[in-house]
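Below is one structure, written out as structure tokens; the observations come after it.
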Amino acid sequence: MKILVINAGSSSLKYQLIDMETEQLMAKGLCERIGIDGHLKHSPLVGGKPVFDEDISLPTHSEAIAAVIEKLTSAEYGVVASMKEIDAVGHRVVHGGEKFASSVLINDEVMAALEECTPFAPLHNPANITGINACKAVMGDVPMVAVFDTAFHQTMPGKAFMYAIPYEYYKNDGIRRYGFHGTSHRYVSSRCAELMGKPIEELKIISCHMGNGSSIAAINGGKCVDTSMGFTPLVGLPMGTRCGDLDNGVVQFLMNKYGYSIDEMLNILNKKSGVLGVSGVSSDFRDLDKAADEGNERAALALDMFHYWVAKVAGSYVAAMNGVDAIVFTAGVGENSKSTRAAICEYFGYLGVKVDEAANSKRGEDVMISTPDSPVKVFVIPTNEELVIARDTRDIVG
Ligand code: ADP
């Protein structure tokens, strides 16, 4: 069975074609500047075909999907003989609200429910819906599955997902903690259990997804019991450009003092804050490491804040689960920055964590970076959200 995985944004569309017999990645690519002009980078990964990387006209997502199918099946760049070889499509969808606690076969009823979730993710869900509709237009009746960023967190108990505001805002308006990066937290926690050789039902895992956006999840017995992102992905840890947790009074103070509109204020909190805002240097941890090494104090402060917040939130999850067996680092920063991992692990002395420096220097593979005698194990596990989407699609369609 061959599955096409689609992650549609407002002006971009990422894809992977995966052969589920072997879970081999056959091709991957990215359409960019959809609706503006258009660019497609298509990389075939089997059959020794060349990469296609050119500007092409992409007025809408339908043209983008058509271009992807054309490349996947072409004599020059293709990896399959025809579209008929693609058995199903798995779509990443950001927000499934409380309606979707797991992945689902897409039909008219599901499409209507996705529309209902749109107010919760006004930038992301419409793009995901557009991607699904474009696929339908180009690929006809091929079965399609929606896999949600929020679904894994739906097991959180009320005490973790409720906000302490009047209850009617939850009941009438759905205001609560939803959490994001669920597909990543699910993948790395289940992989962690495999690496430990233990059933996930017996493990308490803290998963730290640290990329441009960062979130931490507490996973007890394979079920998410708490996570740091909330109603939106703006809260929790300080991130590349997002502020993380912030006293609401600050918003009122700054809006009054500087006359910001709510959109201007949210733009500052989403795009100009986080480690970028504190350092004034960059949102990229590579730039921050370099600047801090060269003596830039604000870059060092931004990094210190990030490490402290990861340790503080993870520590609160040790309390929430009454213990922890394993801590996992993943995503761009978690997978690549050994200095960030080492600095965070310094805080885990109370758990008896000791870092094996040689293991912590490895890159691009699943690795245990704690010493064998550490009672709490620490892992680096490269995330693979596309594989989870493909597996769910296979299981639901198959
Ligand atoms: P996204 O949240 O956009 O999916 P990623 O998970 O790809 O992001 O993470 C991107 C971030 O990873 C970059 O902004 C950068 O800060 C960080 N990163 C990538 N490589 C390294 C590295 N070698 N050292 C430190 N940070 C890195």
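None of the figures in this text is laboratory data; all of them are computed from the coordinates on show. Keep in mind that this is a model prediction, so the values were computed, not measured. Note: ideal-geometry Cβ built from the backbone for every residue, glycine included; neighbour counts use all protein chains shown.
Numerical summary
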| item | result |
| --- | --- |
| Per-residue ³J(HN,Hα) for region 319-335, Karplus 6.51 cos²θ - 1.76 cosθ + 1.60, θ = phi - 60°, Hz, x for Gly and Pro | 5, 4, 9, 6, x, 7, 9, 8, 10, 10, 9, 8, 6, x, 6, x, 7 |
| Residues of region 224-265 with amide N under 13 Å of the 7 Å Cα→Cβ point at residue 212 | 240-242 |
| Ranked 362, 2, criterion: other C-beta atoms within 10 Å, fewest first | 362, 2 |
| HN-Hα J in Hz across region 119-132 - Karplus 6.51, -1.76, 1.60, θ = phi - 60°, x for Gly and Pro | x, 6, 9, x, 8, 8, 4, x, 5, 4, 5, 4, x, 5 |
| Estimated [θ] at 222 nm from DSSP helical runs (n ≥ 4, -39500 (n - 2.57)) normalised by residues in the chain, nearest 500 | -12000 deg cm²/dmol |
| Potential extension, residue 264-residue 164 segment - 0.36 nm per residue separation minus Cα distance | 33.4 nm |
| Phi to ³J(HN,Hα) by Karplus 6.51 cos²θ - 1.76 cosθ + 1.60 over region 69-77, Hz, x for Gly, Pro | 4, 4, 5, 4, 10, 6, 5, 7, 10 |
| Calculated FRET efficiency for the pair residue 137/residue 54, C-beta based, R₀ 25 Å, to 0.05 | 0.60 |
| Order of 167, 15, 308 - criterion: other Cβ atoms within 10 Å of each residue's Cβ, fewest first | 167, 308, 15 |
| Cut-off under 5 Å, modelled amide H: who pairs with residue 235 long-range | 230 |
| Separation of alpha-carbon centers, region 128-202 and region 328-398, rounded to whole Å | 21 |
| Order of 391, 186, 33 - criterion: other Cβ atoms within 10 Å of each residue's Cβ, fewest first | 33, 391, 186 |
| Global geometry of region 202-269, whether rounded, prolate or oblate, following the gyration tensor of its Cα atoms and the 1.5 cut on a/c | prolate |
| Sites residue 115 and residue 46, calculated FRET efficiency, Cβ-Cβ separation with R0 45 Å, nearest 0.05 | 0.75 |
| Sequence-distant residues sharing a close amide H with residue 370 (under 5 Å, placed H) | 356, 378 |
| Rel. contact order, % - alpha carbon contacts under 8 angstrom, at least six apart, region 92-235 | 24 |
| Between region 10-26 and region 255-321, the alpha-carbon center distance in angstrom | 33 |
